[in-house]
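The values are calculated or read from the model by the stated rules, or taken from the named source; none is laboratory data. Quick caveat: nothing in here was measured; it's all calculated off a predicted structure. Note that we place each Cβ from the backbone using ideal geometry, even for glycine, and neighbour counts take in every protein chain shown. Surface accessibility is based on the protein's heavy atoms, side chains included, excluding ligands, DNA and RNA. Shrake-Rupley method; radii C 1.70, N 1.55, O 1.52, S 1.80 Å.
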Amino acid sequence: MSISEWSTASAIRGTVAKGEASCVESARFFLDRVSKLNPSLNAILTITEERAMATATTLDKSKAKGKALPPLAGVPVVVKDNLCTKGQKTTCGSRMLADWTAPYDATVVERLEAAGALMVGKANMDEFAMGSSGETSAFGPALNPWNRKMVPGGSSSGSASAVSAGMATLALGSDTGGSVKQPAAFCGLVGLRPTYGRVSRYGLVAFASSLDQVGPLARNADDCALLFSAISGEDPRDSTCLKLPPESQRLEPLDVKKLRVGLLAEQIGKGVAPAVREGVLKAAAILENGGAMVSEVSLPHASYALAAYYVIAPAECSANLARYDGVRYGFSPGGPDSGERAEASRSAGFGEEVKRRILAGTFVLSAGYRDAFYNKALFARQAITRDFENAFKEVDILLGPATPGPAFPIGERSGDPMRMYLCDVFTIPPNLGGFPSLSFPCGFASDGLPVGAQISGRRLGEPLLLQTAKFIEERLCLLERHPS
Amino acid sequence: MGEKVLCPERFETLSKLAKLTISKKERERLLPQLEAILEYVSSLKAIEAEAAEESGAGISALREDAAQPGLDKDVVLPASPHSASGFFRVPKFVKGGHQ
């Protein structure tokens, strides 16, 4: 069998199509790898062996009958544990939902399996997707395969760790302020945060509804495009989902000579690690050498983005998480009246970061403070959105770093929330405006940890972002390096 | 900044509003952390309040307001920590009256 842990999605499908390996063999190969590596990496919370084997068996039978293979046939995928999976635990990395079994599949999970992907596990994550390191998970942190003393980033920590370690070829994460892009950068992966509304949120457990989007993680741009194609498109069950067909599976070659690139020079100055700066400049040089026009661009209000996000996201979280009252689902120790039962459930069920954000959100929405905080944050969001719209009149994409530095040691920032929040300083701005953005590997720091660059584009501009990432990836030649 | 926006009394009110019991030990950690976050986000005060149009990503749509089938009781109730006879069971929330 010619499937390896580092095979691309299209190579695995090709191997299956040629009859050199079956889907069941592919599933077995990756499940064995999960059994071997997961005890030390803690990337996967629930191994969904039965489900992967059942999907694989169905696909093999269908192939034997001469039916066409779907685009992700036999490709192993892990799914972030805030995406509902029928009959499987969906914990959101929280004690609150530790024993909750989802009664239905998220639309993206249905689409994944319809596309032939084999779900091998539910990925560890920061509790309710609130965190930038994976450390707020109630089930212990996932580790970074490049260096197990380091965090893999978050909140899609397990998704990134699993793909980076070759336990799966693809993963689904969710990105509210950077939870796909930032762990992708820390683990040497391509991570796409789609345009708001391009991918259904039905079955994604809500954190901050005006920002949450499901996004793919992969080891290269082509694989990322394949997964994005499988999950994108209209869904009547999510009213914010755009009425558009799925994105195309194949990436057209980049017309680099027509590309106008805005380099976010203000993001590569002080406070950014040298390896990150060099990687971003190298990516810019590759595009420029190819014939693209590269110019420096400024987003005047981007300095407000982090503050705006840490008002808007907690405000929405405090409202969304009000549903955990110990009645319909979730942890509940009981209590003599409704109020006390809700309070007891929430106090014991939520971890500290979730409580911190609920409290912050409750504060910024409370009488007397709403104007000073929440409404100001909405103004900032508008101003930042306009900055992007103005920039996209002059350039096609914006290029800058995904994070200020590479992955940091476990425990280094967990006691200092503000320092942790600063990890997301570059990933947040495009998210506030609903613009698509993508992080891709652009080099390695001196200690061997990967670093990532971020490109953002006009709404629905995902194909251009993926084409650009592929163009750079083919010239940077980083894909052959894997964690040992 | 200087002036603190979150005194211990206000913190108590907030926890009540958020339906969270915060132990003394938790409060000792959470209060200064929240204070630091609120001080950071106070930088927003400097932003000019320009035309306040509808905020957000600008992409939204509503479906027809028509009833659609939901999940079956048999599927939903087993997830509840307290259910009985086909219903969610909640403690009495009206004080007094008949039992």
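The rows are residues; the columns are (1) of a type in the set (Ser, Thr, Tyr); (2) modelled with pLDDT under 95.
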{"site": "A:290", "(1), (2)": "no, no"}
{"site": "A:294", "(1), (2)": "no, no"}
{"site": "A:298", "(1), (2)": "yes, no"}
{"site": "A:308", "(1), (2)": "no, no"}
{"site": "A:321", "(1), (2)": "no, no"}
{"site": "A:329", "(1), (2)": "yes, yes"}
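Checking each residue in the stretch A:445-484 for being among the polar types (S, T, N, Q) and surrounded by fewer than 24 Cβ atoms within 10 Å (Cβ to Cβ) picks out A:446, A:467, A:484.
Considering the stretch A:98-121, and only residues there that are open to solvent by 20 Å² or more (accessible area, probe 1.4 Å) and away from chain B (no Cβ under 14 Å), the residue that is nearest to residue A:168 (Cα to Cα) turns out to be A:113.
Within the stretch A:1-25, how many residues are farther than 24 Å from residue A:152 by Cβ and not in a loop (DSSP other than H, G, I, E, B)? Of the residues in the stretch A:1-25, 10 are farther than 24 Å from residue A:152 by Cβ and not in a loop (DSSP other than H, G, I, E, B). In the set A:410, A:428, A:358, which member is of a type outside the set (Ser, Thr, Tyr), away from chain B (no Cβ under 11 Å), touching a Phe, Trp or Tyr at 6+ places or on another chain (Cβ under 8 Å) and within 18 Å of residue A:129 (Cα to Cα)? Within the list A:410, A:428, A:358, the selection yields A:428.
Only residues that are touching a Ser or Thr at 6+ places or on another chain (Cβ under 9 Å) and over 18 Å from residue B:88 (Cα atoms) were counted in the stretch A:318-345, giving 3. Here A:193, A:198, A:219 are screened, and the one residue that is away from chain B (no Cβ under 14 Å) and modelled with pLDDT of 95 or more is A:219.
For residue A:441, the conditions (1) of a type outside the set (Val, Ile, Thr); (2) assigned to a strand (DSSP E or B); (3) within 13 Å of another protein chain (Cβ to nearest Cβ) are fulfilled apart from (3). Quick check: is even one residue across the stretch A:242-256 surrounded by fewer than 22 Cβ atoms within 10 Å (Cβ to Cβ), modelled with pLDDT of 95 or more and farther than 30 Å from residue A:77 by Cβ? Within the stretch A:242-256 (the criterion being surrounded by fewer than 22 Cβ atoms within 10 Å (Cβ to Cβ), modelled with pLDDT of 95 or more and farther than 30 Å from residue A:77 by Cβ), the answer is yes, since at least one residue qualifies. Scanning the stretch A:230-240 for residues that are buried (at least 24 other Cβ atoms within 10 Å of the Cβ) and of a type outside the set (Val, Ile, Thr) returns A:230, A:232.
If you go through the stretch A:146-159 and pick out every residue that is assigned to a loop (DSSP other than H, G, I, E, B) and open to solvent by 10 Å² or more (accessible area, probe 1.4 Å), you end up with 3.
You will find that of A:162, A:129, A:138, the residue that is touching a residue at least 40 places away in the same chain (Cβ under 8 Å), under 13 Å from residue A:42 (Cα atoms) and either crowded, with 24+ Cβ neighbours inside 10 Å or in contact with a Pro (Cβ under 6 Å, 6 or more places away or on another chain) (or both) is A:162 and no other.
Scanning the stretch A:407-440 for residues that are over 19 Å from residue A:308 (Cα atoms), modelled with pLDDT of 95 or more and out of contact with any helix residue (DSSP H, G or I) (no Cβ under 7 Å at 6 or more places or on another chain) returns A:408, A:409, A:410, A:411, A:412. If you check A:373, A:363 for being open to solvent by less than 30 Å² (accessible area, probe 1.4 Å), within 7 Å of chain B (Cβ to nearest Cβ), farther than 20 Å from residue B:23 by Cβ and not acidic (Asp, Glu), only one passes: A:373. Does residue A:252 satisfy the criteria of being under 19 Å from residue A:437 (Cβ atoms), in contact (Cβ under 8 Å) with a residue 24 or more places away in the chain and more than 14 Å from chain B (Cβ to nearest Cβ)? When the stated conditions are applied, residue A:252 does not pass them. Under the condition of being buried (at least 23 other Cβ atoms within 10 Å of the Cβ), more than 7 Å from chain B (Cβ to nearest Cβ) and farther than 26 Å from residue A:210 by Cα, the residues counted in the stretch A:302-355 number 1. Going through (1) in a helix (DSSP H, G or I); (2) more than 20 Å from the chain's Cα centre (by Cα); (3) more than 10 Å from chain B (Cβ to nearest Cβ) one by one, residue A:420 falls short only on (2). Remark: residue A:329 falls outside the filter, which requires a residue to be under 29 Å from residue B:42 (Cα atoms) and touching a residue at least 60 places away in the same chain (Cβ under 8 Å).
Residue count for the stretch A:41-58 satisfying the condition of being open to solvent by less than 50 Å² (accessible area, probe 1.4 Å) and of a type outside the set (A, V, I, L, M, F, W, C): 5. Condition first: modelled with pLDDT of 95 or more and of a type in the set (Ser, Thr, Tyr). Can you find one or more residues in the stretch B:10-17 that meet it? Within the stretch B:10-17, one or more residues are modelled with pLDDT of 95 or more and of a type in the set (Ser, Thr, Tyr).
Just to verify a result, which residue in the stretch B:11-32, among those that are open to solvent by 80 Å² or more (accessible area, probe 1.4 Å) and more than 18 Å from residue A:343 (Cα to Cα), is nearest to the other protein chains (Cβ to nearest Cβ)? Looking at the filtered set, the residue picked out is B:29. Out of all the residues in the stretch B:70-84, which are at the interface with chain A (Cβ under 7 Å from one of its Cβ atoms) and open to solvent by 40 Å² or more (accessible area, probe 1.4 Å)? Across the stretch B:70-84, the qualifying residues are B:71, B:75, B:76, B:81, B:82. In the stretch A:59-90, what residues are closer than 20 Å to residue A:2 by Cα and open to solvent by less than 10 Å² (accessible area, probe 1.4 Å)? A:72, A:73, A:74, A:75, A:76, A:77 - these are the residues of the stretch A:59-90 that are closer than 20 Å to residue A:2 by Cα and open to solvent by less than 10 Å² (accessible area, probe 1.4 Å).
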